[in-house]
Structures are given as structure tokens and as C-alpha cells.
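Okay, structure first, notes after.
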Amino acid sequence: MFHQINNRRETIVKQKNKCFSFIIVIAVLVILNTAGQYVFHRFDFTADKRFTLSEKTKSILQKNEKQVIITVFLAGELPPAFKRLQAAVSDILSDYRAYAKTNVKVVFVDPLAGLNQADQDTVINNLYERGIEATNLSVKTEDGLTQKLVFPMAMIESDGKEFPIKLFQNLDTRGNYEDNINRSIENLEYIFTSSLKKVLSGDNPRIGFSESNGELSDLQLADAIHTLSGSYLVGRIDLNSIDKAGLDKLKMLIIAKPKKPFTEAEKYKINYFVMNGGRVLWSIDQVNAELDSLRGRSGQMAINRDLNLNDMLFMYGARINYNIIADPANSAEIPVSTGVVGGQNQMELVPWIYYPVLLPDTAQSVVKKLDGIKSEFPSTVDTIGARGIKKSYILTTSAFNKVYNVPKLFSLQMVGEQLDPRSFQSKPENVGLMLEGNFPSVFAGRPLPATITQPYSVQSIGKPAKMIVIGDGDVFKNQVSEQNGNPFPLGYDRYSQRTFGNKALLLNIVDYFTDDDNLITLRNKEVKIRLLDKAKIKLEKTKWQFINVVAPLLLLILFAIFQHYYRKYKYAK
């Protein structure tokens, strides 16, 4: 009797405990859901923190009080690689909406959906005028190559301003997109945050390309100027005529391949610009070697080019040497005539060791994740002791190189020379140098140049400034079509049809120089994409289909049969 009563009591206690536990679980869930309406937090357990926004991005989103509309044109039927990019864009913009203080509206649209060919052409032209460009992809399928027109672009709009964003970075013209998609995913936070900041601030920094000393022409700089014009006010600067007020409005000065010596008055204005915190990009040829001068001639003697800049660069902490680097291990190709067949010149692409492909230093955020940079007859760059100046090499050759001092005779017959590998065993040579800090004045204690009528209030030590010195004047020069005279994209080689990282280098430098928040550090994020082995998938397709589809069903059937006979055996006794 007592035993039954005790069992009943134990059963009642257990039931009460279960009910109490159930009520606690329900209460906790209700509290968590209620708190979730007011408090947002994301737990990111990925090793590379791919779903975590930086503090800089969060700060910009939380300080903004304007409504933002982000239209993503990457929608509709997409190749698998671009679906990954689309998913990554959707994920990161979900975070932007979550952290934003005000409403951030995100819209995915397929601009060509349901349109006939005539309407599609109209839409494509209208979008192009707004900066939204289509990309025609050659997509590999089991049946071969198919053409697909996609818009890997987005548009940010706020307060009547809009800014186009290119989501797909470093397009590989040979059709291999996997690495580029991964690179694009890594850069998503940077491009969205930097673009959002430009739209919200409405600030368009002024960038000037100097033109008073025989620098690259408008045609040779056409793509560089066009590319930068989307985000900046870009123009040519004549150092002879620009005055103090014009220099004060300038944010960045680019000096690309001057051929004539700089006057003391021009140097005085550059020095004033640097002393007031200006940013200068020097792209300098210290040697007058040109490939075009070799064609149809027995050779060209490369000699020093006097630009009257050595004393200025020396004071700032840099020196461009009078030499030329050859790199047979990593160089671009040039077309060379191999004879005449049927009255037609036969051209062949051969490596030209004096066109080294420069390697970005991956430790520096300004050149991180860039492709190789094509150069033409580059010279080495050294650092000079300058107090208070931080110096960082950003571009180097490979370790298999040789440095030739000038004067030196060059000819196209050199492409057939047999090279001695032992003479090229060296260390990487530096071609690009970044300088940051408070630069000393070149004109401290010196009289004013004759043509400067009034002093520009130059201090002996300037405000914090930045500059990059590259020992090659052709890094930012685009090639020009011989058929129609139109410029090719910067970094694109019309002979090998290879795209180098020259344009990305320019964009990175300009972003780094004009953005005081140093958002370019967001490029340091690395997202590892574990891609499947396509060759293995093709060979073992049937095997893995069986393992993933048929095997689970067989296991389920076997388990059901086992359970049936087990229960029959157990309860038949």
C-alpha cells in the first residue's frame, strides 16, 4: 500500500518537474525573442569571420541619418560562380540593414527580364549612361561555351545622389572566373562602405595630372582619367600657370612620365603642395628607353634623362636610380616579326625581359591582392635617410633579375640572345616606394624662384602627407588601338590579351591617398572558398550521385526491414 503511494507521489513530482521545465523553456524563448526585437547581435563562428562587419563600417552606418537605397542588378538566371557572388552580396547587405541607424532599402532586380531585344538595347544604353555596365560572359557548360549577359553591378542612392558599384573585380578575359569571384567577395565590404561614404559625404576630391613637362598625353591617360572621373574631379594641371588657390583645392597630384626638366618654380609649387599635406604619385622614367624607338632601327642607346628632380626626391627620402631592370623569369611579351610569308609579316609573341611584371608586396594594404603590374624599362628605387618618414616598398621584381646601368645599347635582336641563368640570380629589386609622414621642405633657407612673386608660406616641416615613387613612367599608360585610335583599358595588353593589375593599382593608390579614414584596410579581409575539384567531379560523378542519393535510401530501407523483424522477434515471445 505504502509502496503504491510512494510511486504515485514520485510520478506526480516528475510530472510537475517536467511541466516546470517546459514552462522555463517557453519563458526563456519568449524573453529571447522579445529582447531580439530591441538588441541585435550576430555570432560569427567562421574561422575567417566572413560574416562580421568592421568597426569602421558599423560607425558609418550608425552615424548616417539619411535613407539609403541599394539596387543590385545581379539577379535572374546566373552562372553558378555568379550565384555565389549574389549570395555574398545578399549576406553583407543584410548586415548593413541590421546595423544601420536609418532605413537601408536593398532591391535585387534583373533589368532585362521579360524584355524584347529592342527594349533590352534601350535599357542597356540607359544603364550605361548611369555607370551600370553589362558583362558578356563565356560560360563553360557540358555542351560547350554559351554567352550570357549579366550586370555584376549595384547602385547606391541617397539624398538625390547616386554612385555605381562594380561587384565583379579583375575580370579574367580568358573565362576563368573562380579566383576572381573569390577576390570580389573579399572586396565587397570595402567597395560598399567606401561607395556609401562617397554618396553620403558628397565629397569629390580633386585629382590633377601634371602636363607642363612632356608628361603622358590625354590619349595615353584616357582610361586612367575616365576611370577616376566616376568618383573624383579629375583634370590636367599646368604647374607653370596654377596658383596657390588652385593648389589648395587639390587633393592629389599625379606626375606620370615627364620628359622635360622641372623648373625651380614648378618644384616650389610641388613642395608647397606637399608641405600642406598633399598627396603625390610619382611615376618617373630616369632613362629614355622606348620600345617604339627600336622598331625599324639597329638599336637605341639608352641614356640618363635629366628631370631636375633628384634633389627634391632626395629630401623626401627616395632616389630613382639611372638603370634598367631585366627579369627573364617574369616579364611581359612583345610582338616580333619572324619573317614574311605570302607578302605578309609573320608576328610572334616573345618575352621581353626589359618589361618585368612587378609583384605587389602582400603585406601592404595599398597593393594587397593585386595582380602583377606591367612595367616598361623600369629603374630601381632606393630609400634615403629622412627623419620622421615611414618608408615601405610596395612593388618588386622577382628574385631572378639583373640590373643594367646606363648608357646601354638596346635592340630587338636581344630577344634571340641566349641568357646565362647564373648572371640573373639575385634578390628582388624594388621599383615602388611609399613614403608617409611630415616631409621636410626642399626650399627651407633658400631664396624664392625668380617667377614666384609672393611666398606661399612654406614651413620647414610640413603637415602629414603621403607620396608613392615608382621607377617607371609607363605604369599608368594605356595602349591605343592602331585601327581606330581608341584607348584600351589600363593594364590590358592588346598583344597577349592579358589584363594586368595596373588599373587596380591606380584605384588603390587614389583611394588610399584621398580617404582619411583609411578604409582600404578593409581589403585585408580574406575569405577562403573551398572549391570542388571539377576534374574529379567529372570522373566520379556517378559514384557521388549514388553515395548522396541512392545510399541514404538504401540505408533507410535496411533500417526499416531490421526494425520490422526485430519487433516481430521481440514481441512474438
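Can you tell me which condition residue 452 does not meet? The list is (1) within 30 Å of residue 268 (Cα to Cα); (2) without any contact (Cβ under 8 Å) to a residue 60 or more places away in the chain; (3) more than 32 Å from the chain's Cα centre (by Cα), and all the others hold.
Going through (1) within 30 Å of residue 268 (Cα to Cα); (2) without any contact (Cβ under 8 Å) to a residue 60 or more places away in the chain; (3) more than 32 Å from the chain's Cα centre (by Cα) one by one, residue 452 breaks only (2).
Is it the case that the stretch 430-446 has a residue that's in contact with a helix residue (DSSP H, G or I) (Cβ under 7 Å, 6 or more places away or on another chain), over 26 Å from residue 321 (Cβ atoms) and in contact (Cβ under 8 Å) with a residue 40 or more places away in the chain?
no
Let's see how each residue does on (1) among the hydroxyl-bearing types (Ser, Thr, Tyr); (2) modelled with pLDDT of 90 or more; (3) over 22 Å from the mean Cα position of the chain (by Cα):
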{"residue": "190", "(1), (2), (3)": "yes, no, no"}
{"residue": "226", "(1), (2), (3)": "no, yes, no"}
{"residue": "250", "(1), (2), (3)": "no, yes, yes"}
{"residue": "259", "(1), (2), (3)": "no, yes, yes"}
{"residue": "278", "(1), (2), (3)": "no, yes, yes"}
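Could you please tell me which pairs satisfy a Cβ distance under 7 Å, a separation of 6+ or placement on different chains, a first residue in the stretch 231-251 that is over 15 Å from residue 271 (Cβ atoms) and of a type in the set (Gly, Ala, Ser), and a second residue that is at pLDDT 95 or above and assigned to a strand (DSSP E or B)?
Hits for this filter: 235/208.
Among 469, 415, which is aliphatic (A, V, I, L, M), in contact (Cβ under 8 Å) with a residue 60 or more places away in the chain, assigned to a helix (DSSP H, G or I) and assigned by TED's automatic domain parsing to the domain that holds residue 280?
One residue alone meets the criteria, 415.
Scanning the stretch 158-180 for residues that are modelled with pLDDT of 80 or more and in contact with a Lys or Arg (Cβ under 9 Å, 6 or more places away or on another chain), which turns out nearest to residue 100 (Cα to Cα)?
Looking at residues that are modelled with pLDDT of 80 or more and in contact with a Lys or Arg (Cβ under 9 Å, 6 or more places away or on another chain), I get 158.
I want to confirm something. Restricting to the stretch 207-219 and keeping residues that are out of contact with any Asp or Glu (no Cβ under 9 Å at 6 or more places or on another chain) and in contact (Cβ under 8 Å) with a residue 60 or more places away in the chain, which single residue is farthest from residue 485 (Cα to Cα)?
Among those that are out of contact with any Asp or Glu (no Cβ under 9 Å at 6 or more places or on another chain) and in contact (Cβ under 8 Å) with a residue 60 or more places away in the chain, it is 207.
Of the numbered conditions (1) over 21 Å from residue 190 (Cα atoms); (2) at pLDDT 85 or above; (3) not in a loop (DSSP other than H, G, I, E, B), residue 111 fails exactly one; give the number of that condition.
Only one criterion is unmet by residue 111, namely (3).
What are the residue pairs meeting all of these: first residue in the stretch 121-138, first residue among the small types (Gly, Ala, Ser), second residue surrounded by 17 or more Cβ atoms within 10 Å (Cβ to Cβ) and outside any helix (DSSP H, G or I), Cβ atoms under 6 Å, and 6 or more apart or on different chains?
As it stands, the answer is 131/164; 134/151, since those pairs meet every condition given.
Across the stretch 212-234, which residue is surrounded by the most Cβ atoms within 10 Å (Cβ to Cβ) among those that are in contact with a helix residue (DSSP H, G or I) (Cβ under 8 Å, 6 or more places away or on another chain) and under 19 Å from residue 509 (Cβ atoms)?
Among them, the one singled out is 224.
One line per residue, one yes/no per condition, for (1) buried (at least 16 other Cβ atoms within 10 Å of the Cβ); (2) over 29 Å from residue 295 (Cβ atoms); (3) not hydroxyl-bearing (Ser, Thr, Tyr):
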{"position": "367", "(1), (2), (3)": "yes, yes, yes"}
{"position": "372", "(1), (2), (3)": "yes, no, yes"}
{"position": "387", "(1), (2), (3)": "no, yes, yes"}
{"position": "392", "(1), (2), (3)": "yes, yes, no"}
{"position": "398", "(1), (2), (3)": "yes, no, no"}
{"position": "401", "(1), (2), (3)": "yes, no, yes"}
{"position": "413", "(1), (2), (3)": "no, no, yes"}
{"position": "428", "(1), (2), (3)": "yes, yes, yes"}
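So in the stretch 521-530, with the set limited to residues that are part of a helix (DSSP H, G or I) and surrounded by fewer than 19 Cβ atoms within 10 Å (Cβ to Cβ), which one is modelled with the lowest pLDDT?
Selected residue: 524.
How about the stretch 418-429: which of its residues are in a loop (DSSP other than H, G, I, E, B) and touching a residue at least 12 places away in the same chain (Cβ under 8 Å)?
Across the stretch 418-429, the qualifying residues are 419, 426, 427, 428, 429.
Pull out all pairs, ordered by first then second residue, where Cβ-Cβ is under 9 Å, the residues are six or more apart or on different chains, the first lies in the stretch 17-42 and is modelled with pLDDT under 80 and outside any helix (DSSP H, G or I), and the second is surrounded by 10 or more Cβ atoms within 10 Å (Cβ to Cβ) and of a type outside the set (D, E, K, R).
If the second residue must be surrounded by 10 or more Cβ atoms within 10 Å (Cβ to Cβ) and of a type outside the set (D, E, K, R), the pairs left are 40/98; 40/99; 42/51; 42/52; 42/53; 42/98.
Please note which helices (runs of 4 or more DSSP H) are completely contained in the stretch 234-321 and include at least 2 residues that are hydroxyl-bearing (Ser, Thr, Tyr).
264-275
For the subset of the stretch 92-108 comprising residues that are assigned to a strand (DSSP E or B) and not β-branched (Val, Ile, Thr), which member is nearest to the chain's Cα centre (by Cα)?
108
Taking the residues in the stretch 472-520 that are aliphatic (A, V, I, L, M) and outside any helix (DSSP H, G or I) as candidates, determine which candidate is farthest from residue 182 (Cα to Cα).
480
Identify, please: which residue in the stretch 446-464 is within 24 Å of residue 387 (Cβ to Cβ) and in a loop (DSSP other than H, G, I, E, B) and is, among those, modelled with the lowest pLDDT?
By that ranking, first place goes to 458.
Hey, could you check the stretch 531-563 for residues that are surrounded by 10 or more Cβ atoms within 10 Å (Cβ to Cβ) and closer than 30 Å to residue 188 by Cβ and say which is modelled with the lowest pLDDT?
531
Looking only at the stretch 192-211, filter to residues that are of a type in the set (Gly, Ala, Ser) and touching a Lys or Arg at 6+ places or on another chain (Cβ under 8 Å); which one of those is surrounded by the fewest Cβ atoms within 10 Å (Cβ to Cβ)?
Here the answer is 202.
The values are calculated or read from the model by the stated rules, or taken from the named source; none is laboratory data. Predicted model, so just to flag it, every value in this text is computed and none were measured. All Cβ positions, even for glycine, are placed from backbone atoms using ideal geometry, and neighbour counts span all protein chains on display.
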